[in-house]
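Okay, so here's the structure we're looking at.
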Amino acid sequence: MLLGIEDPWVWLAYVLCIASALLCVVWGFLRWNREDAVEEPEAEIRHWAEEEDKVEEEL
């Protein structure tokens, strides 16, 4: 009965929430300012913009 919580499943939920938050912080710190963003080819961007213009004209 630590801190008034008797159920071990409740403790497990608390521990997993804290562990997942710490994991997210560590993962974000390791990937901070990483230059692995994939750039789309110019032709795909142009095609996407043309399709968007067509849809906007129809509306």
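The table that follows gives values for the structure above.
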read-out	value
Summed side-chain charge close to Ala13 - residues other than Ala13 whose Cβ falls under 14 Å, Lys, Arg +1, Asp, Glu -1	-2
Cα coordinate range in segment 8-58, projected on the principal axes (Å, largest first)	59, 30, 10
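Where a number appears in this text, it was derived from the coordinates with a stated rule and is not lab data. Note that the coordinates shown come from a computational prediction; the quantities given were computed from them, not determined experimentally. As a convention, Cβ positions derive from the backbone with ideal geometry for all residues, glycine included, and neighbour counts pool all protein chains shown.
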